[in-house]
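The values are calculated or read from the model by the stated rules, or taken from the named source; none is laboratory data. As the structure is a computational prediction, the values presented were derived from the model and not from experiment. Here the Cβ is made from the backbone with ideal geometry for all residues, glycine too, and neighbour counts use every protein chain on show. We work out accessible area using only protein heavy atoms, side chains counted, and drop any ligands, DNA or RNA first. Shrake-Rupley method; radii C 1.70, N 1.55, O 1.52, S 1.80 Å.
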Amino acid sequence: MTDDRIEMLLSGFKEHFGAEPEALMRAPGRVNLIGEHTDYNDGFVLPVAIDRDIMVASRSRDDALVRIYSLDFNALTEFSLNDISHDSENTWSNYPRGVAHFLKEEGYELRGMEAVVTGNVPLAAGLSSSAAMEVVMAMTFEKISGLEIDPVKMALICQKAENQFVGVNCGIMDQFVSRMGRKDHALLLDCRELEFDLVPLNLEGVNIVVCNTSVKRGLVDSEYNKRRSECERGVKILDDFLPGIRALRDVDVDDFQKYHHHLPETTEKRCGYIVRENVRVLESVQAFEEGDLIRFGILMNESHIGLRDEYEVSCPELDAMVEIAWSTDGVIGSRMTGAGFGGCTVTLVAEDSLEDLVSKVNKEYPERTGLQPEIYICTAEDGAGSL
Ligand code: ADP
Ligand code: MG
């Protein structure tokens, strides 16, 4: 599969640029196992880089021109590094443009290049093809221009490209794990300190399954902003009792129990979820360290219940998908993943029961929702690198 894709990339490069590439880079998509909406509360997340990626073949040029051909969109984009403008036609090219813009702003001297890109991270399905695109482009500019970019800095530059050039408000998790993930590991990220630990998963005989509800995440922007302000409001009120706290990350469960009655009802529910979700992430790491997948599964389920009932970012389709998984023998745990109001669930299932899960989802989900699900069976793979 990978070999076929590389073959395609090389022949694409030859066809469009009439030569051999100098560099072949890749960056993966991701799925978050647990730790939802904790990122903007300075908390913890636990994503894995997955076995779907975007690949780029490239060759440097002697001038400042960047020419990128997308095999998936059958389109060429062209821009000068001296004048990086938005492209309203080839919107996919705003990712490399944004990355180049902010690499330059950080003082990196970039060389022009020719590049061909192809990916198999499904677009807008919740697996963060956008982060894969940004990171693979940053890796390509790094290689082509003979630079050495600190990986954390690279992730931050990629995030900035998405926030400020493409105009999508996202945290640092996706770019971080796409850059730094490791095969058979999850990545525990401290979203305040930007420190991380690689956590061995020991998933022999267990599959990570991502199920797409096929619900487009409509409400997500306005509701996302409301959740953020509820969290900020909670911190402001709790600060009277817990002086010096900066974010919900600084509130532990005991303190929350002591002071939660000072919060308005909705704020209390939102903040309670975040405080407990942060604890669940850290307990998940412990569960993986102890090889206790059953415990991790329970934490996944509790996370979903919190997102559904306290944080209220689930939707009937996500709940249906999770309930179908919960009712399948061999499922270890299941929860919504991503911002919510649609998108995907993530499920851990014993290999023996994978087929049952897939057929139950394919049968019951359309019956319950009238929608067709998409199912991605994933493994935890290395973050970005050369091919
Ligand atoms: P998600 O990150 O959830 O997959 P986004 O809407 O954030 O969805 O990002 C999807 C966008 O990323 C696509 O519309 C496209 O512009 C860009 N992209 C993703 N994959 C590719 C690809 N293989 N080639 C070119 N651009 C891509
Ligand atoms: Mg995205």
Subset of LYS160/LYS216; LYS160/LYS236; LYS14/LYS143; LYS14/LYS153 violating a 30 Å alpha-carbon distance limit: LYS14/LYS153
Return the Cα extents of segment 101-243 along principal axes one, two and three, sorted largest first, each rounded to a whole Å. 54, 44, 33
Percent of Cα pairs exceeding the 17 Å cut-off, where the set is segment 162-252: 70
Rg and Dmax [Cα atoms of segment 133-172; Å; Rg one decimal, Dmax integer]: 10.3, 30
Just to be sure I understand: if I project the alpha-carbon convex hull of segment 100-180 onto a plane and average over all orientations, what area do I get in nm²? 5.2
Using a simple spin-label model with points 7 Å from Cα along the Cα→Cβ vector, what separation in nm is obtained for GLN257 and GLU7? 6.1
Whole number please: convex hull volume per residue of the Cα set in the chain, in Å³? 139
Show ARG182, ARG270 ordered by accessible area, largest first, where the area counts protein heavy atoms only and the probe is 1.4 Å. ARG182, ARG270
Taking protein heavy atoms only, a 1.4 Å probe, and rounding to whole percent, the accessible area of segment 295-358 owed to carbon and sulfur comes out at 45
With Cα atoms, 0 to 90° folded angle of helix 129-144 axis to the chain main axis: 40
Gyration tensor (alpha-carbon) shape descriptor, segment 294-387, a/c threshold 1.5: rounded
Note, segment 112-123: 3J(HN,Hα) by Karplus (6.51, -1.76, 1.60, θ = phi - 60°), whole Hz, Gly/Pro = x, goes x, 7, 10, 8, 10, 10, 8, x, 10, 7, x, 6
Check: C-alpha center segment 271-285 vs C-alpha center segment 1-66, spacing in Å is 31
Can you compute the modelled spin-label distance between GLN372 and THR266, with each label point 7 Å from Cα toward Cβ, in nm? 3.8
Report, in debye and to the nearest 20, how large the dipole of the chain comes out about its Cα centre when Lys and Arg carry +1 and Asp and Glu carry -1 on their Cβ. 720
Could you tell me how far the Cα centroid of segment 328-360 sits from the Cα centroid of segment 144-194, in Å? 27
Helix 220-238 sits at what angle to the longest principal axis of the chain, using alpha carbons and giving 0 to 90 degrees rounded to 10? 50
Suppose all protein chains stay in the model; what accessible area per residue would a 1.4 Å probe give for the chain, in Å²? 42
Eigenvalues of the Cα gyration tensor times 5, then square-rooted: what semi-axes does that give for segment 87-129, in whole angstrom, largest first? 23, 12, 11
